[in-house]
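Step one of this worksheet: look at the structure below.
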Amino acid sequence: MFELSGDQKQALATLINWFQKEKTRKQYITLGGYAGTGKTTLIGIFRKQLDQLDKKLKVGFASYTGKAARVLQDALHQQKAVFRQDTVGTIHSLIYSPIVNEREEIVGWQKKEKIDRQLIIIDEGSMVDGQIWQHLLSYHLPVVVVGDHGQLPPINGNFYLLQEPDLQLQEIHRQARKNPIIGLSIQAREQGLIRSGNYSDSVRKFSQGDPDGQETMQELLSSFTPDTLVLCGYNNTRRKLNHFMRAALGFETAGPTNGDRVICLRNNHQQDIYNGMLGTIIGIESSEEGWYLAEIAMDGQEKPFKGLISARQFDSETPLNFTDKRSQIMRGDLFDFGYALTVHKAQGSQAKRVVLFEQRFKKMTELDWRRWLYTAVTRAQTELFIFP
């Protein structure tokens, strides 16, 4: 039998009280929790307690991306915390309906008029942008927002749902403390420092002069798979790493081609793609000048993206802005090579293996640095290799 920590018990009691007595006055409540504090476990227990109060309650669980939604669904099913009338999916599928042409192709999305739910529970709440949040609130349904408040805020805009969560989980469970990645995340969050050393067979921080460091680094980069995230701080480092890994993997073209890993650089709600989503090119050809017509299998999404993508964006130092009146009219989407990412761009992703290059910006405050390092470490699921 799982035993709740003190802050979990307090948070659970507050959530139940909010849903029973306060949701008409306070439409939403936010729950922040560090890695290893049992956020998803608590939400599962919360759902099962709600079932004891109302067997017919319809709950919509939702995450920002398809991959995150599947992880959430698996965790809830393990707890037997999803009931027949519940749904688990992306926020997009919860609140938008597809617009289909005569060939039954999806050409856009429109906001649903109503949602047949009585409670919405959002996971990975730090990824929700202002527009989607306003759309969620417009249904006048109670919403629970869950996420890790130790992570970096979104890089674009000033909207951050978990800036000051109503409820906070800070107690790391004993089982989680045995995980070396959780242990390093605590070091990062509390001290802003990860000491060199071997923490397990698959978790290691190399020292500056380690003779094995360079060889191991090259082996890790050359054996890249989609189960790997290579993270850094600077854009020029990201570009150099992308060049190295594409060459090591046998890509001979400077531009994108079939099999290339790519990252989306800007939200497009109509196309159901979001800043930071990763995918693999499965079809690409030159279209008009400066544009490719591409088909991209996006991680965690059932249907591939199809559309125009900017040729100029690939290997560019910064995201292009086609909405600027001085530039051309926006007619497509923005993608770049997705082998190496900045930590900011990787906020919504996790991978079995993470290769991290510690790079601190000169203007970073101590708090910003701790958030950056913590966010980077917590992208790793089982393997983590850090290079100074």
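The values are calculated or read from the model by the stated rules, or taken from the named source; none is laboratory data. Values in this document were obtained by computation on a predicted structure and should not be read as measured data. So basically every Cβ, Gly included, is an ideal-geometry build from the backbone, and we count neighbours across all protein chains shown. For the accessible areas, the whole protein counts, side chains as well, though only heavy atoms, and no ligand, DNA or RNA atoms are used. Shrake-Rupley method; radii C 1.70, N 1.55, O 1.52, S 1.80 Å.
Over all pairs of different C-alpha atoms in segment 155-203, the reciprocal of the mean inverse distance, the Kirkwood hydrodynamic radius, equals 13.4 Å. Mean projection of the Cα convex hull over all viewing directions, computed for the chain: 21.2 nm². Largest mean-square fluctuation among K363, K345, K306, in a Gaussian network model of the chain whose springs join Cα atoms under 10 Å apart, belongs to K363. Each residue was assigned an accessible area with a 1.4 Å probe, and for D166 the value is about 80 Å².
For I273, nonlocal amide neighbours, meaning residues 5 or more places apart or on other chains whose placed amide H falls under 5 Å from its own, are N268. If R0 is 41 Å, the Cβ-Cβ spacing of T280 and E164 corresponds to a FRET efficiency of close to 0.60. Along segment 173-186 the Karplus relation, 6.51 cos²θ - 1.76 cosθ + 1.60 evaluated at θ = phi - 60°, assigns HN-Hα couplings of 6, 4, 4, 5, 5, 6, 7, x, 5, 4, x, 5, 5, 5 Hz to successive residues, with x for each Gly and Pro. Please name which of L161, L57, H344 has its Cα lying farthest along the dipole of the chain towards the positive end, using unit charges on Cβ (Lys, Arg +1; Asp, Glu -1) and the Cα centre as origin. Working it through, the farthest residue towards the positive pole turns out to be L57. For G108, nonlocal amide neighbours, meaning residues 5 or more places apart or on other chains whose placed amide H falls under 5 Å from its own, are I99. In the chain, taking the dipole from charged Cβ atoms about the Cα centre, the farthest positive-side position among Q170, L15, P304 is held by L15. Once the C-beta distance of Q79 and H243 is scaled by a Förster radius of 35 Å, the resulting FRET efficiency is 0.20 to the nearest 0.05. Between exposed GluC sites (Glu not before Pro) in the chain, where DSSP calls loop and at most 12 other Cβ atoms lie within 10 Å, what's the longest gap? That would be 114-251. Here the contact order of the chain, divided by its residue count and restricted to Cα pairs under 8 Å and six or more residues apart, works out to 18 percent. Beta bridges per DSSP, both residues in segment 217-372: antiparallel share near 70 percent.
With the helix formula -39500 (n - 2.57) applied to DSSP H stretches of n ≥ 4, the chain reaches a computed 222 nm mean residue ellipticity of -8000 deg cm²/dmol. Beta bridges from DSSP with both residues in the chain: antiparallel share about 45 percent, rounded to the nearest 5. Put T318, T24, T216, T225 in order of accessible area, highest first, and with a 1.4 Å probe you get T24, T318, T225, T216. Taken about its Cα centre, the chain carries a charge dipole of about 1140 debye when Lys and Arg each add +1 at the Cβ and Asp and Glu each add -1 at the Cβ. Among the trypsin sites (Lys or Arg not before Pro) in segment 169-234, those placed in a DSSP loop whose Cβ has at most 12 other Cβ atoms within 10 Å are K178, R195.
Taking the protein heavy atoms of segment 6-172 in the context of the full set of protein chains, the accessible area attributed to carbon and sulfur is 46 percent at 1.4 Å. The phi torsions of segment 216-233, fed into the Karplus equation with coefficients 6.51, -1.76 and 1.60 and a -60° offset, translate into couplings of 5, 4, 5, 4, 5, 5, 6, 9, 4, 9, x, 8, 10, 10, 9, 10, 8, x Hz, rounded to whole numbers, with Gly and Pro shown as x.
Per-residue Karplus couplings for segment 126-137, computed as 6.51 cos²θ - 1.76 cosθ + 1.60 with θ equal to phi - 60°, are listed in order as 5, 8, 6, 8, x, 5, 4, 4, 5, 5, 4, 5 Hz, Gly and Pro entered as x. Between the alpha-carbon centres of segment 347-375 and segment 1-46 there is a gap of 28 Å. For K306, the lysines whose Cα comes closer than 30 Å to its Cα, not counting residues fewer than 8 places off in the same chain, are K67, K111, K112, K114, K240, K325, K345, K352. Show log10 I(q)/I(0) for segment 142-224 at q = 0.23 Å⁻¹, two decimals, from a solvent-free Debye sum over equal Cα scatterers. Values returned for q = 0.23 Å⁻¹ are -1.16.
Projecting label points 7 angstrom from Cα along Cα→Cβ for Q49 and Q214 puts them 5.7 nm apart. The alpha-carbon positions of segment 197-355 define a convex hull whose volume is 124 Å³ per residue.
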